[in-house]
Amino acid sequence: MSFIIAIDGPAGSGKGTIASFIAEKLGFLNVDTGAMYRSVTLAVLRNNIDMNDKEKIIELAKTLQIDLKNIDGSIHAFLNGEDVSNEIRTPKVNASVSIVAAIKEVREIMVEHQRALAKDHDIVMEGRDIGTVVFPNANIKLYLEASAEERAQRRYKQNLEKGLEVPYEEVLESIKNRDKIDSTRADSPLRVPEDAVIVDTNGWLPEDARKNIYKLIDDLMGEN
Ligand code: DC
């Protein structure tokens, strides 16, 4: 049986950074499930499919090959063999990904893929429904929290580092909008798994995150 660490939380709560620290420490496979939903969304946009056309989106999602690969310590997303890691972070994808991720059949395809990854790997997986739906029996569940303003500030800085100039107000608006859609959708809404450890990441810098999370993981692994 694989060892599974599930990390959930809203956009910008630190899931990506924390998952990569844990994966590095334990040598686990790191799976960013948001990148999978983003890759489907990019494919929908590229194919000029209307965001209201559920049937066409589902049909397309069934045909896509989505892979995640760790390259020099960061996760790259591949859509039908093409590295789309930068393109899946653009405002256009941000604006539509919650719509695509709310489609039940798209989620079923992604969840099946996510579970298959854990068949032969110890895994740290981050998303919105990992501890609630994908792996309800995960060995460790973390739920990360931070204020919308703090999360927007982080995304704003990450964008600048990648050369994307998106105004802070726009980033904040987009985060609030996605929070709302992700937590109110009918299928697998974002919520705190019952048995999760809640981690408040407000004010954490990446160096605090590494130290704090290693301590927490050491404590929790001791209990497992
Ligand atoms: O973590 P992120 O911002 O890259 O996620 C992008 C979107 O995908 C987010 O708006 C919600 C959705 N998502 C989801 O519904 N379920 C997951 N397991 C991961 C992400």
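The values are calculated or read from the model by the stated rules, or taken from the named source; none is laboratory data. From a predicted model like this one, the values you see are computed outputs, not experimental measurements. Neighbour counts run over all protein chains shown; Cβ positions are idealised from the backbone, glycine included. Heavy atoms of the whole protein, side chains included, go into the accessibility calculation; ligands, DNA and RNA do not. Shrake-Rupley method; radii C 1.70, N 1.55, O 1.52, S 1.80 Å.
Between residues in the stretch 79-98 that are touching a residue at least 60 places away in the same chain (Cβ under 8 Å) and over 14 Å from I181 (Cβ atoms) and residues that are among the basic types (K, R) and within 10 Å of the ligand (Cβ to nearest atom), which pairs lie under 9 Å by C-beta distance while being six or more apart or on different chains?
Pairs found: R89/R38.
I'd like to check something: does the stretch 149-169 contain any residue that is touching a Ser or Thr at 6+ places or on another chain (Cβ under 6 Å), open to solvent by 20 Å² or more (accessible area, probe 1.4 Å) and at pLDDT 95 or above?
No - not one qualifying residue is present in the stretch 149-169.
Being more than 16 Å from L60 (Cβ to Cβ) and surrounded by fewer than 16 Cβ atoms within 10 Å (Cβ to Cβ) is the filter here, so list the residues in the stretch 96-111 that pass it. Break it down into steps so the answer makes sense when it comes.
From the stretch 96-111, those more than 16 Å from L60 (Cβ to Cβ) are 98, 111; that's our starting set.
Residues satisfying the conditions do not exist here.
Within the stretch 207-218, is even one residue at pLDDT 90 or above, open to solvent by 50 Å² or more (accessible area, probe 1.4 Å) and more than 20 Å from S20 (Cβ to Cβ)?
For the stretch 207-218, residues at pLDDT 90 or above, open to solvent by 50 Å² or more (accessible area, probe 1.4 Å) and more than 20 Å from S20 (Cβ to Cβ): absent.
Of all residues being open to solvent by 60 Å² or more (accessible area, probe 1.4 Å) and out of contact with any helix residue (DSSP H, G or I) (no Cβ under 8 Å at 6 or more places or on another chain) in the stretch 170-185, which is farthest from the ligand (Cβ to nearest atom)? Just the residue, please. Working first, answer last.
From the stretch 170-185, those open to solvent by 60 Å² or more (accessible area, probe 1.4 Å) are 170, 173, 176-177, 180, 184; that's our starting set.
Subset that is out of contact with any helix residue (DSSP H, G or I) (no Cβ under 8 Å at 6 or more places or on another chain): 173, 180, 184.
Values: E173: 14, K180: 10, T184: 12 Å.
Per the criteria, the residue is E173.
Among the residues of the stretch 107-119, is any of a type in the set (S, T, N, Q), under 15 Å from the mean Cα position of the chain (by Cα) and within 11 Å of the ligand (Cβ to nearest atom)? Write out each step before concluding.
Taking the stretch 107-119 first, the residues of a type in the set (S, T, N, Q) are 114.
Cutting the leftovers down to under 15 Å from the mean Cα position of the chain (by Cα) gives us 114.
Imposing the further condition that a residue be within 11 Å of the ligand (Cβ to nearest atom) reduces the set to 114.
Yes: the stretch 107-119 contains one or more residues that are of a type in the set (S, T, N, Q), under 15 Å from the mean Cα position of the chain (by Cα) and within 11 Å of the ligand (Cβ to nearest atom).
If you go through the stretch 120-155, how many residues are out of contact with any strand residue (DSSP E or B) (no Cβ under 6 Å at 6 or more places or on another chain), among the small types (G, A, S) and away from the ligand (no atom under 11 Å from the Cβ)?
Residues meeting the conditions: 4.
If we scan the stretch 24-34, do we find a residue that is within 13 Å of the ligand (Cβ to nearest atom), part of a helix (DSSP H, G or I) and either touching a Phe, Trp or Tyr at 6+ places or on another chain (Cβ under 8 Å) or closer than 30 Å to N212 by Cα (or both)?
Scanning the stretch 24-34, I find at least one residue that is within 13 Å of the ligand (Cβ to nearest atom), part of a helix (DSSP H, G or I) and either touching a Phe, Trp or Tyr at 6+ places or on another chain (Cβ under 8 Å) or closer than 30 Å to N212 by Cα (or both), so the answer is yes.
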